[in-house]
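Step one of this worksheet: look at the structure below.
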Amino acid sequence: MIFRYTIFYVDDVPASLTFFEKAFGLERAFLHEGGDYGELVTGETKLAFSSKALMHQLGKNPASPRSDNPTFEIAFETDDVASALKRAVDAGATLIQDVRDEPWGQTTSYVADPNGYLIEICSAVQLPG
């Protein structure tokens, strides 16, 4: 078994795809012709978006995300956290936590996307040794 994708429920799938392309440099895999579903290339696991309208049609009632009270986060790893954070904020992300060196050997920062999803921008953990 493999972890195939994570789906964000959003109001505007095309706008969300465009934001993640600009903010994190991700490549669009596709956008369904109806505009209610799309995916971005992130390696083995895809980052996908489905419209809340489609979820309602399927009998689901997704909650709206809250970056101040998240139930989960996604993380993008980079060698240059400060530059990646600036790019994300310049693309419309909301700054949640500025760049910080953590005691476990990692640099972290946090933003929220325009939908309110919490996103960590971080370095790899530098293990002692």
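What follows draws every value from the coordinates through simple rules; no lab data is involved. On a predicted model such as this, the values are computed, not experimentally measured, just so you know. Using ideal geometry, Cβ is built from the backbone for each residue, glycine included, and neighbour counts are taken over all protein chains shown.
Over the C-alpha trace of region 78-129, radius of gyration and Dmax come out as 11.4, 40 angstrom.
Here's the list of aspartates and glutamates a cross-link from K46 could span, going by alpha-carbon distance under 12 Å and ignoring same-chain residues fewer than 8 apart: E27. Dipole magnitude for the chain: about 300 debye, using +1 per Lys or Arg Cβ and -1 per Asp or Glu Cβ, origin at the Cα centre. Residue separation of E73 and M1 scaled by 0.36 nm, minus their Cα-Cα distance, works out to 23.7 nm of gained length. With the convex hull of the Cα atoms taken as the outline of the chain, the averaged projected area works out to 9.2 nm².
Residues whose amide H lies under 5 Å from that of D80, counting only those 5 or more places away or on a different chain, are absent; hydrogens are built 1.01 Å from N in the peptide plane.
GNM on the chain, alpha-carbon springs under 10 angstrom: the most fluctuating residue among Q106, Q97, Q57 is Q57.
Of the residues I74, I2, the one with the fewest other Cβ atoms within 10 Å heads the list, and the complete ranking is I2, I74.
Computed from the Cβ-Cβ distance with R0 of 22 Å, the FRET efficiency linking S64 to K22 stands at 0.45.
The lysines within cross-link reach of K52, meaning a Cα-to-Cα straight distance under 22 Å and a gap of 8 or more places when in the same chain, are K60. Counting only alpha carbon atoms, the long axis of helix 13-24 and the longest principal axis of the chain meet at about 10°. Does anyone have the angle between helix 81-90 and the longest principal axis of the chain? Alpha-carbon axes, 0 to 90°, nearest 10? With rounding to tens, the tilt is 40 degrees.
Amide H to amide H distances under 5 Å link K46 with Y5, T6, where only residues 5 or more positions off or on other chains count and H is placed in the peptide plane. Extension gain, A124 to E44, is 27.0 nm, computed as 0.36 nm per intervening residue step minus the present C-alpha separation.
As a ratio to 2.2 N^0.38 Å, the alpha-carbon radius of gyration for region 5-57 is 1.03. Count Lys and Arg as plus one, Asp and Glu as minus one, and take only other residues whose Cβ is under 14 Å from that of A23; the net charge is then -1.
Other residues with beta-carbon under 15 Å from the beta-carbon of M55 carry, at +1 per Lys or Arg and -1 per Asp or Glu, a net charge of -1. Placing pseudo-labels 7 Å out from each Cα toward the beta carbon at L54 and D90 gives an inter-label distance of 3.1 nm. Dividing the summed helix terms, -39500 (n - 2.57) for each DSSP H run of n ≥ 4, by the number of residues in the chain produces a 222 nm estimate of -6000 deg cm²/dmol to the nearest 500.
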